[in-house]
Structure formats: structure tokens, C-alpha cells
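Bear in mind that the values in this text are calculations on the coordinates, not laboratory data. Quick caveat: nothing in here was measured; it's all calculated off a predicted structure. Positions of Cβ are backbone-derived with ideal geometry, glycine not excepted, and every protein chain shown enters the neighbour counts.
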Amino acid sequence: MKHIFLDLGRQPLANGFREPNQQDPEFFFDLKVLFDDFNYLVSLENFVQPELMFNDQYAYTTSNSETMCRHFAKLAYEFNLQYNKVLEIGSNDGAFIKHFKQENAVAVEPCKNFAEITRQLGYRTYDSFWNFDLSEQIVRDFGLVDVVYSANCMCHIPDLIEAFHGVAHILKSGGQFIFEDPSLLQVIKNNAFDQFYDEHAHIFSLTALQVLLNEAGMTIVDVKPIPTHGGSNRVIAQHINSPNIINKNVERMFDLEAAYKLHQKDTFIEFAKRVEHNKKHLVELVNNIRDKKYALSGYGATSKSTVVYNYCGIEPDFITDTTPNKQGKLMPGIHTPIISPESRMQHKDYVFLGAWNFMDEILVKERFRQYKFITHIPQVTIL
Ligand code: TYD
């Protein structure tokens with residue numbers, strides 16, 4: 001049975017940045033989150049049509065983030081030593097795959113602007129959504145692979161069973177399926193309700209993943225918590241019938257998730273109460289700031305902050321972001337201008353930290369700041 005536990009109201013596409021003169025009506029949907037007590041999966045109630053989100057307008061570029069580039073370079077180096085053939089699902093602008101030889105790697109990327117980049121770099125690239133049919137086609141064109149890698153993409157896919165069957169189909173016996181996505185445990189621990197948005201069709205616990213992967217003939221052999229995207233898990237799965245050695249981390253993570261009761265709906269009902277409380281505090285703080293005529297701006301035009309601004313009805317004066325293709329556009333839903341950090345308008349008084357997943361890096365970079373950061377993670381705080 002499915003239980004809706006969180007209602008984040010009417011939300012636009014979290015990465016649906018608008019042009020200043022854009023006239024067409026903006027897409028909004030009801031963002032509700034549910035827990036399925038059959039497989040323990042936490043998902044959006046209403047999946048947004050993938051073509052609306054992942055198309056040639058997609059704004060997020062991995063290569064714009066130094067942290068993510070370092071992350072992928074390190075990881076690719078580890079794989080390169082051991083593996084021959086790699087498939088990446090959701091290859092974005094090639095930040096990971098570019099570390100592999102062209103003849104050994106194949107990319108799947110439905111956003112055509114990015115697919116063109118890896119194609120230009122000489123990689124066989126399929127600009128389609130991952131599904132079972134595509135796995136069959138790639139097996140015909142390229143053969144089976146040693147590794148399927150996917151970062152922040154599996155959680156975007158509405159039909160996970162089909163997606164996982166496709167992975168099981170294309171993996172060689174003994175091959176590894178390595179994927180990274182935001183961790184439900186971290187969401188619960190950090191009160192990070194803003195991890196729920198259109199693109200995140202699901203937020204995974206290891207407990208839920210095991211049920212789904214088993215259904216596709218795979219099992220989890222290792223898991224590692226990693227800091228990316230506000231707290232993720234890197235999961236490694238293999239075919240159930242291959243000679244698996246299961247790392248002790250897997251049992252440990254299952255135990256930890258059980259201790260946090262991620263298999264029980266009441267956990268999520270409690271979480272939703274904390275989210276409402278968080279919203280109330282944030283709105284009070286912002287009202288106070290506005291009453292006193294202080295300035296309020298935003299730092300990082302993240303998808304996550306789209307959720308916060310729209311859920312809480314907060315409209316900063318402007319938002320800075322380092323990503324060139326977000327600059328000059330308007331924040332989804334609230335239509336606040338996004339500007340370059342180098343522009344003439346400078347932060348002052350209070351600044352909402354939209355990019356809280358880079359908090360450490362930003363606090364160092366902005367250590368001489370004349371303004372105060374506000375974060376809502378794990379609770380509303382002025383830093
Ligand atoms: P991201 O981590 O992708 O978050 P989300 O998945 O919620 O969109 O985005 C981080 C954004 O923050 C990205 O657009 C770049 C921006 N940013 C800054 O503007 N300044 C900074 O110092 C950092 C680290 C990021």
C-alpha cells in the first residue's frame with residue numbers, strides 16, 4: 001500500500017529556468033511524496049513526463065562543478081585500472097566518460113545538448129532514455145559491458161524495474177552495476193525535504209533498492225556513503241547468480257536504516273511534521289528580515305532551492321549562480337533574476353544558501369563576507 005506523507009504544494013520544474021521575456025505558461029504540478037510499504041520505496045506521487053525535464057534545454061552541467069569533476073576523475077581512474085567496457089547512463093557533458101578510451105565506453109544521455117558533446121568527443125552516444133529496448137540495442141551494437149555506471153540518474157527513472165532489468169541484461173556475468181544517488185537516510189537525518197522535486201522520482205534507501213534489484217536478478221554487494229549532492233550512496237550490485245562477495249558495509253547499512261526505521265511509514269509521517277516546522281521557522285525569519293527592510297538574496301540557483309522558495313513562498317531580491325547558462329534567466333516559479341556572482345549587484349544583509357550541498361566549500365570561499373548566510377539544513381539557522 002502507498003502512503004502519501006508529504007505535500008510540498010504546487011511546484012514548477014526545479015531546473016525549469018525561464019527567459020526574462022518568456023510568455024508561455026509555466027508548468028506546475030502537485031509535489032506529493034509517498035512511501036510504498038510493499039517495497040519500502042519513497043517516490044513522488046505524480047511523475048513528471050521525462051521529456052519535459054530532460055531535453056536540449058537542460059541546464060545542469062557536471063563540468064561546471066570542480067567538486068564533481070574531481071569526484072568523477074578519481075572514480076574513473078579506479079575503474080580504468082580494472083575494466084574494459086563501460087556504459088554510462090546519464091553521461092551529462094562527459095565529465096566521467098571522458099576518462100575512458102573512446103572504443104571502450106558508451107554513453108546514454110537523453111538531453112540532446114549534452115549527448116552532442118560526448119558524440120563530438122568521439123564516444124558512441126545514444127540520446128535516448130534508458131530502458132530495456134535500449135539495453136538490447138546497445139548489446140547488439142557494442143556487446144555486453146563490464147561496468148554500468150550511473151550517477152544521479154537512476155533516481156530520475158519512473159519505472160525502476162524495467163531500468164534495472166535493462167542493466168542486468170547488458171552486464172557481463174560478474175560485471176558490476178555502480179550507481180550513485182541521494183540517500184534517503186541523509187534526507188531524513190538532514191530534514192532535506194528539498195531533495196524531493198520533479199527530477200527525483202524516487203529517493204532510495206538501500207532497503208528498497210535491494211527489493212527492486214532482486215526483482216531484476218541482481219543483488220547489492222557493496223555500498224559506500226559519499227558526500228555528493230548533500231549525501232548520497234554509491235551502490236554496487238551484481239547478478240544474483242554470479243560469485244558475489246558481499247562487503248560487510250551492506251549489512252551495516254541495512255542495520256543503520258533499520259535503526260532509523262526506514263521501512264516504517266511512521267518515520268515519514270514524523271519527518272513531514274519536522275518539514276512543516278522547518279517551513280514555519282524559515283517563513284518567520286524571512287518575514288522578520290523583510291519587516292526590518294534588510295536585503296535578502298540567494299546563493300546558488302539549485303533545483304533544491306526552487307523547492308524551498310516555492311514551498312515557503314520566499315522571493316529573494318536576486319540569486320547568484322556560477323553556471324553560465326543559468327545566468328540571465330529567472331528562477332522557476334518565483335521568477336527571481338539569476339545573476340553572475342561577479343555582477344554589480346552584491347549580496348548584503350541576509351543570503352539564503354541554496355547550494356547547501358557545497359556549504360563547506362562556500363563558507364571557506366566567502367569567509368570575508370559582510371552578510372549572513374541562512375540555511376534550513378538540518379534546521380533553520382543563521383550561520
Ligand atoms: P547542484 O549541486 O547541482 O544542486 P541541485 O542538484 O539542487 O541543482 O547545484 C549547485 C549550484 O550552485 C550550481 O548551479 C552552481 C551553484 N554554485 C554557486 O553559484 N557558487 C558556488 O560557490 C558553488 C559551489 C555552486
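For segment 48-111, what percent of Cα pairs sit more than 15 Å apart? Each step should come with its number before you reach the end.
On the way: 1097 of 2016 pairs.
In whole percent, the share of Cα-Cα pairs in segment 48-111 beyond 15 Å is 54.
First measure r as the distance between the Cβ atoms of Q120 and H277, then evaluate 1/(1 + (r/R0)^6) with R0 = 45 Å and state the FRET efficiency to the nearest 0.05. Can you show the working numbers first?
Details: r = 49 Å, r/R0 = 1.09.
Efficiency at R0 = 45 Å is approximately 0.40.
Starting from the Cα gyration tensor of segment 265-338, take the square roots of the eigenvalues, sort them a ≥ b ≥ c, and report rounded, prolate or oblate (rounded when a/c is under 1.5, otherwise prolate if a/b is larger than b/c, else oblate). Show your work: numbers first, answer last.
Details: a/c = 3.07, a/b = 1.43, b/c = 2.15.
Oblate, because a/c is 1.5 or more while a/b does not exceed b/c.
Assign one of three labels to segment 214-255, namely rounded, prolate or oblate, based on the Cα gyration tensor with a ≥ b ≥ c the square roots of its eigenvalues; rounded applies when a/c is under 1.5, prolate when it is not and a/b is larger than b/c, and oblate otherwise.
Details: a/c = 2.48, a/b = 1.79, b/c = 1.39.
It comes out prolate by the Cα gyration axes.
Compute the long axis of helix 132-142 from its Cα atoms, compare it with the longest principal axis of the Cα atoms of the chain, and write down the angle in degrees, 0 to 90, nearest 10.
60
Quick check: net charge around P378, other residues with Cβ under 13 Å of its Cβ, Lys/Arg +1 and Asp/Glu -1? Let's see the in-between values first.
Working: positive: K189, R274; negative: D194.
Residues close to P378 contribute a combined charge of +1.
Just to confirm my numbers, what's the Cα centroid distance between segment 204-279 and segment 145-171 in Å?
Result: 16 Å between the Cα centres.
Over the alpha-carbon set of the chain, divide Rg by the Kirkwood Rh and report the Rg/Rh ratio to two decimals.
0.96
From the C-alpha gyration tensor of segment 115-167, pull out the three semi-axes of the equivalent ellipsoid (sqrt of 5λ each), sorted largest to smallest, in whole Å.
Values: eigenvalues 72, 42, 21 Å².
Semi-axis lengths for segment 115-167 are 19, 15, 10 Å.
Per Stokes-Einstein, at 20 °C and 1.002 mPa s, what whole-number D in µm² s⁻¹ belongs to segment 138-215, with the Kirkwood radius over Cα pairs as the hydrodynamic radius?
On the way: Rh = 13.6 Å.
It diffuses with D of about 157 µm²/s by this estimate.
P(r) for segment 31-156: what percent of alpha-carbon pairs falls in each 10 Å bin, starting at zero?
For segment 31-156, the binned pair fractions read 12, 40, 32, 14, 1 percent.
Using Cα atoms only, what is the angle between the long axis of helix 248-259 and the major principal axis of the chain, expressed in degrees (0 to 90) to the nearest 10?
Between helix and principal axis, roughly 40 degrees.
Rounded to two decimals, what is the ratio between the C-alpha radius of gyration of segment 1-100 and 2.2 N^0.38 Å?
Working: Rg = 18.4 Å, N = 100, 2.2 N^0.38 = 12.7 Å.
For segment 1-100, the normalised Cα radius of gyration is 1.45.
Considering the convex hull of the alpha carbon atoms of segment 216-336, report its projected area averaged over all viewing directions, in nm², one decimal. Intermediate values should be presented prior to the final figure.
On the way: hull surface 44.7 nm².
Taking a quarter of the hull surface, the average projection is 11.2 nm².
Report the trypsin sites (Lys or Arg not before Pro) located in segment 233-302 that are in a DSSP loop and have at most 10 other Cβ atoms inside 10 Å of their Cβ, or state none.
On the way: sites: R234, K248, R252, K261, K265, K273, R274, K279, K280, R290, K292, K293; in loops: K261, K292, K293.
Those that pass, being in a loop and sparsely packed, are K292, K293.
Taking the Cα centre of each part, how many Å lie between segment 302-376 and segment 1-27?
19
Cβ under 11 Å from Q327's Cβ, Q327 left aside: what net charge do those residues give with Lys, Arg +1 and Asp, Glu -1?
Working: positive: K326, K329; negative: D321, E342.
Charge balance near Q327 sits at 0.
With Cβ to Cβ distances under 15 Å as the rule, what net charge do the other residues near R367 carry (K, R +1; D, E -1)?
Working: positive: K365, R369, K372; negative: D360, E361, E366.
For residues surrounding R367, the net value is 0.
Can you give the relative contact order of the chain as a percent, counting alpha carbon pairs under 8 Å and 6+ residues apart?
Across the chain, relative contact order equals 16 percent.
Evaluated at 37 °C with a viscosity of 0.692 mPa s, what Stokes-Einstein diffusion coefficient in µm²/s does segment 174-250 have when Rh comes from the Kirkwood expression over alpha-carbon pairs? Provide the component values of the computation, followed by the final result.
Values: Rh = 13.0 Å.
Calculated translational D: 252 µm²/s.
Once you order the gyration tensor axes a ≥ b ≥ c over the Cα atoms, which shape class does segment 287-329 get: rounded for a/c under 1.5, otherwise prolate or oblate by comparing a/b with b/c?
Values: a/c = 3.16, a/b = 1.61, b/c = 1.96.
Oblate.
Give me the Kirkwood hydrodynamic radius of segment 17-72 in Å, from all C-alpha pairs, to one decimal place?
Values: mean 1/r = 0.0668 Å⁻¹.
Hydrodynamic radius (Kirkwood, Cα pairs) of segment 17-72 is 15.0 Å.
Among K293/K372; K101/K326; K32/K261; K189/K365, which pairs are too far apart, with a Cα-Cα distance over 24 Å?
Details: K293/K372 15 Å; K101/K326 31 Å; K32/K261 21 Å; K189/K365 26 Å.
In this structure, K101/K326; K189/K365 exceed 24 Å between Cα atoms.
Taking 0.36 nm per residue of sequence separation and subtracting the Cα-Cα distance, how much length would be gained by fully extending the chain between D360 and E342, in nm to one decimal? Spell out each step's value before the answer.
On the way: separation 18, 0.36 × 18 = 6.48 nm, distance 2.05 nm.
Answer, rounded to one decimal: 4.4 nm.
Restricting to Cα pairs below 8 Å that are 6+ residues apart, what does the relative contact order work out to for segment 1-133? Please round to a whole percent.
Across segment 1-133, relative contact order equals 17 percent.
What are the trypsin sites (Lys or Arg not before Pro) within segment 324-375 that DSSP puts in a loop, where the Cβ has at most 10 other Cβ atoms within 10 Å? Mind showing how you got there, number by number?
Working: sites: K326, K329, R344, K348, K365, R367, R369, K372; in loops: K326, K329, R344, K348, R367, R369.
Those that pass, being in a loop and sparsely packed, are R344, R367.
Going by alpha carbons, how many degrees (0 to 90, nearest 10) lie between the helix axis of 160-170 and the longest principal axis of the chain?
40
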